[in-house]
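Here the structure comes first, spelled out in structure tokens, and everything after it is commentary.
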């Protein structure tokens, strides 16, 4: 099975794994236990957080924190040095001896003092963040909303035009997957023979296995996507075709393919491909109306020519169910042209949505009056009781302060009256010492600020 559909509980050799260094920094790696590498420790993934030999990544539970290792980077040149061929190098024993020497030189990785990464299984979300970009990709906030609005469910057939880097392809496969077809069976009638074996009284039951039919105009991109799909063991569920869908449509050689329930068009001019997504042949008047817009490219002249009469019309749509379609366009001018073409071709319940994703930052914040003075803390009341207690403390300190001020003013007045009467007044320093002692006694019972 594909690691995208059933990764298992542990990482295994020759399977795809992903190293997560940070939230948005992921590195895909096909885990290899062999020593075909320039390092003494075998195959190594070098990152800014350290080096991670594949020997430390194998047979680990998904989600494990992998510590970085000390890798001897200086040994790389020793294995790749060129030398002249000698007389003893000829013969069948030479290459085998070299291979044995390489196997003996595999060193056990030592744990480094710092640096770590997390080993996580491949999913469409993580693959979108680390795939090799050949074009602009459809990111997770976009394709999650698209698949939900299209009501994609297991067993559906999806047409994808403009596969590009394969981000939407992996997400669509997971959405439609409901098992693998057995050898010799098609995706449309995998279980129609079970009823005849059970008996004549049982009603026949048909099961459709889900499938994705991807079309890409650029031949090198289509070839690279096909190789990735095969490496990810999704080739039995995904059909990649190099084709110009504007001119050649979406039908394949088999009569029961694609029979699509869902259509996703990520094209620069999706209105030029809509003429192939009908249940009957469009009339020449409809095709002429689609190309009447002067801003339409000249390539649409090919679209106005209906196919020759002897060629029978085949619809790529599923005749037994309602078909949902989505076009992914960044400009409002593309949207208006597409909506006009869809209305001319008989599509119903047309709507437009704009996706604007916003990332939510989750941080731990220390809140409370006891956190005052700490860096990065929020020194405000965490509860109502704490706020009320803070107000009471402030009022108590205010009462003590005003009481002391009143006593000081009364003492000054008494000294002034004593001087007028000619009485002996004690020195100011002695009175200040006594006042400080009284003030200290009053403040001792007041909570601190």
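Laboratory data are not the source of any read-out in this text; all were calculated from the coordinates shown. Just so you know, these numbers come straight off a predicted model, no measurement behind them. Note that each Cβ is placed from the backbone with ideal geometry, even for glycine, and that neighbours are counted across all protein chains shown.
Details
- Gyration tensor (alpha-carbon) shape descriptor, region 330-404, a/c threshold 1.5: prolate
- Rounded to whole Å, the principal axis extents of the Cα atoms in region 6-58 read 30, 29, 13, largest first.
- Taking the fewest neighbouring Cβ atoms within 10 Å as the starting point, the ordered list for 386, 45 is 386, 45.
- Rounded if a/c under 1.5, otherwise prolate or oblate - region 361-422, Cα gyration tensor axes: prolate
- Taking other C-beta atoms within 10 angstrom as a stand-in for reagent exposure, 281, 153, 421 fall in the order 421, 153, 281, fewest first.
- Sequence of 347, 127 once ranked by neighbouring C-beta atoms within 10 Å, starting from the fewest: 347, 127
- Region 253-295 shape via C-alpha gyration tensor axes, a/c threshold 1.5: oblate
- Peptide packing: for 50-62, 2-14, 164-176, the average count of neighbouring Cβ atoms within 10 Å per residue gives the ranking 164-176, 50-62, 2-14, highest mean first.
- Take each peptide in 134-145, 371-382, 246-257, 351-362, count the other Cβ atoms within 10 Å of every residue, and average; sorted highest first, the result is 134-145, 246-257, 371-382, 351-362.
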